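Asks: First, the structure itself, so that you have it in front of you.
The values are calculated or read from the model by the stated rules, or taken from the named source; none is laboratory data. Not measured: the values here are computed from a predicted model. In this analysis, Cβ positions are derived from the backbone assuming ideal geometry, glycine residues included, and neighbour counts consider all displayed protein chains.
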Amino acid sequence: MNFVQQIRGSFPILGRKAGGRPLVYFDNAATSQRPESVLDLQQQLCSGHNANIHRAVHTLSYEATEAYEAGRKAAQAFIGAAQPEEIVLTAGATAAINLVADCMARGGFLSGGAILLTEAEHHSNIVPWQMACEKSGARLEVVPVAAGRDFPNTGAVDMEAYRAALRRGVKMVAITHVSNILGVVNPVKEMVAEAHALGIPVLVDGAQGIVHRRVDVQDMDCDFYVFSGHKIYAPTGIGVLYGKRQWLEKLPPYMGGGDMVDKVTFEKTTYADLPLKFEAGTANFVAAACLAPALDLATSLALSPDAREHERALMAAMAESLQSIPGLWLAAADATDRIPLYSFTIEGVHPLDAAMLMDKMGVALRSGHMCAEPIVDRIGGGSMLRASLMAYNTLEEVEAFRAALERTVKMLKQ
Ligand SMILES: Cc1ncc(COP(=O)(O)O)c(C=O)c1O
């Protein structure tokens, strides 16, 4: 059994059919599938250890708490954070960015300044900052990326513009590690260093980057790094916010409620120590615990030369397939460092129609503005198609995708 067959064997869903044909799941950037190790743990925890965490002294609560904290430790190890207290467990990347944006605004760290974003951010890294602007009187600065028909099509952030913008009163930088539209890996370490030289903190949105690149937050030196479990083999409903201890100490709490307090009276409440200060209410302990097996798998894949070779082969095959389709325009086609994520348009073909036809042929693609309207409006006329692959996808699936896309284009152009 070769490497990819072995991995696929542990993902039951990949054996199913769609549209009467073997499923080709190329929507991994939206959510990845879960291996048996994660599904088994979910089942075990629900059937044998279900309790509320951190509160009671009984056995079930103790076991559930242990499982939850094991998830936190797995996240800490996976991104190389110095302490478990620097890992705040949230509902997802979106929740984590909202937490930072809101606390930065309420803590007075943004007042009268600017928040710098790139043009290729997901709505989750735009809207929370717009809301923070309303609360703090700050404004947005947006740096362009080189993607589009009138630009070099590398998808690279305009670093000249970035350096210039940093000097226009910026108080916070919030940038994506890898855009969910362009698939290009941004030079985040360099961008952090440039911001830090001016004393500006940086949040990195790692929702896509964490899946395809090794992340060491201490080496990257970012102040905050966020990602979602469900894009990296874990269940939905769990996310990770890494924050440097000195920032998490400085920020005010986010939501109020159980578990985030030290002492509550009607006159005054004091708050729990990190990280619980930011974890109000009953946590999704099952999803949190599943970070451990999910990130175990991600680690073993990241360390496997076979997995890296397989990813290179998938990317080469995808590049060839996309080039073979007449009228196809690929965003960031000239990228120097990308992940296997491809957003494209096809002349004369509406992305939604194409995605529906592809689905009938068993191929799951994403279509529309993909929660990144500003960049998709500019480079894709408001709607694009996207294929995004994971380690468990195969070269045969790339060929099935190519054949289905060729047929789709012929049918829609008639
Ligand atoms: C770059 C990026 N940031 C943030 C998010 C939001 O993630 P979630 O919906 O899991 O909170 C996504 C999801 O697609 C994403 O691709």
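Asks: Looking only at the range 172-210, filter to residues that are away from the ligand (no atom under 15 Å from the Cβ) and small (Gly, Ala, Ser); which one of those is surrounded by the most Cβ atoms within 10 Å (Cβ to Cβ)?
Replies: Looking at residues that are away from the ligand (no atom under 15 Å from the Cβ) and small (Gly, Ala, Ser), I get ALA195.
Asks: While we're here: State all residues of the range 97-123 that are within 16 Å of the ligand (Cβ to nearest atom), out of contact with any Phe, Trp or Tyr (no Cβ under 8 Å at 6 or more places or on another chain) and of a type in the set (Gly, Ala, Ser); if no residue qualifies, say none.
Replies: Result: ALA120, single match.
Asks: Next up: Identify, from the list GLY229, GLY169, GLY209, the residue that is among the small types (Gly, Ala, Ser) and on the phi > 0 side of the Ramachandran plot.
Replies: GLY169
Asks: Please enumerate the residues belonging to the range 147-157 that are modelled with pLDDT of 95 or more and over 15 Å from VAL188 (Cβ atoms).
Replies: Listed by number, the residues that qualify are ASN153, THR154.
Asks: Would you check if SER32 is polar (S, T, N, Q), assigned by TED's automatic domain parsing to the domain that holds ASN284 and in a loop (DSSP other than H, G, I, E, B)?
Replies: Judged against the criteria, SER32 is not a match.
Asks: Looking at ALA64, ALA91, ALA82, which is the one that is surrounded by 15 or more Cβ atoms within 10 Å (Cβ to Cβ), away from the ligand (no atom under 16 Å from the Cβ) and in contact (Cβ under 8 Å) with a residue 24 or more places away in the chain?
Replies: Step by step, each of ALA64, ALA91, ALA82 is checked, and only ALA64 is surrounded by 15 or more Cβ atoms within 10 Å (Cβ to Cβ), away from the ligand (no atom under 16 Å from the Cβ) and in contact (Cβ under 8 Å) with a residue 24 or more places away in the chain.
Asks: With the requirement that a residue be part of a helix (DSSP H, G or I) and in contact with a helix residue (DSSP H, G or I) (Cβ under 6 Å, 6 or more places away or on another chain), what does the range 242-286 give you?
Replies: ARG245, PHE285, VAL286
Asks: Moving on. Tell me which residues, restricted to the range 214-227, are in contact with a Gly (Cβ under 8 Å, 6 or more places away or on another chain) and part of a loop (DSSP other than H, G, I, E, B).
Replies: Passing the criteria: VAL215, ASP216, ASP223.
Asks: Can you say whether MET1 is outside any helix (DSSP H, G or I) and either touching a helix residue (DSSP H, G or I) at 6+ places or on another chain (Cβ under 8 Å) or among the hydrophobic types (A, V, I, L, M, F, W, C) (or both), as far as the supplied structure shows?
Replies: Values: outside any helix (DSSP H, G or I): yes; either touching a helix residue (DSSP H, G or I) at 6+ places or on another chain (Cβ under 8 Å) or among the hydrophobic types (A, V, I, L, M, F, W, C) (or both): yes.
Answer is yes for this residue.
Asks: Further, regarding this structure: Select the helices (runs of 4 or more DSSP H) contained entirely in the range 117-213, then report the ones holding at least 3 residues which are over 18 Å from PHE344 (Cα atoms) and within 20 Å of the chain's Cα centre (by Cα). Spell out how you get there, then give the answer.
Replies: Numbers: elements: 127-136, 159-166, 188-196, 209-212.
Where helices (runs of 4 or more DSSP H) fall fully within the range 117-213 and carry at least 3 residues being over 18 Å from PHE344 (Cα atoms) and within 20 Å of the chain's Cα centre (by Cα), they are 127-136, 188-196, 209-212.
Asks: When you go through (1) within 16 Å of the ligand (Cβ to nearest atom); (2) charged (D, E, K, R); (3) farther than 18 Å from VAL100 by Cβ one by one for ASP150, which number turns out not to apply?
Replies: Going through the list (1) within 16 Å of the ligand (Cβ to nearest atom); (2) charged (D, E, K, R); (3) farther than 18 Å from VAL100 by Cβ, ASP150 breaks only (1).
Asks: ALA391 - would you say it is in contact (Cβ under 8 Å) with a residue 60 or more places away in the chain, in contact with an Asp or Glu (Cβ under 9 Å, 6 or more places away or on another chain) and in a loop (DSSP other than H, G, I, E, B)?
Replies: yes
Asks: Still on this structure, please answer the following. What residue, of HIS123, HIS58, is surrounded by fewer than 20 Cβ atoms within 10 Å (Cβ to Cβ) and closer than 17 Å to GLY206 by Cβ?
Replies: The match here is HIS123.
For every residue, the table says whether it meets (1) touching a Cys at 6+ places or on another chain (Cβ under 9 Å); (2) within 16 Å of the ligand (Cβ to nearest atom); (3) of a type in the set (Phe, Trp, Tyr).
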| residue | (1), (2), (3) |
| --- | --- |
| ILE339 | no, yes, no |
| TYR342 | no, yes, yes |
| THR345 | no, no, no |
| PRO351 | no, no, no |
| MET370 | no, yes, no |
| TYR392 | no, no, yes |
| VAL398 | no, no, no |
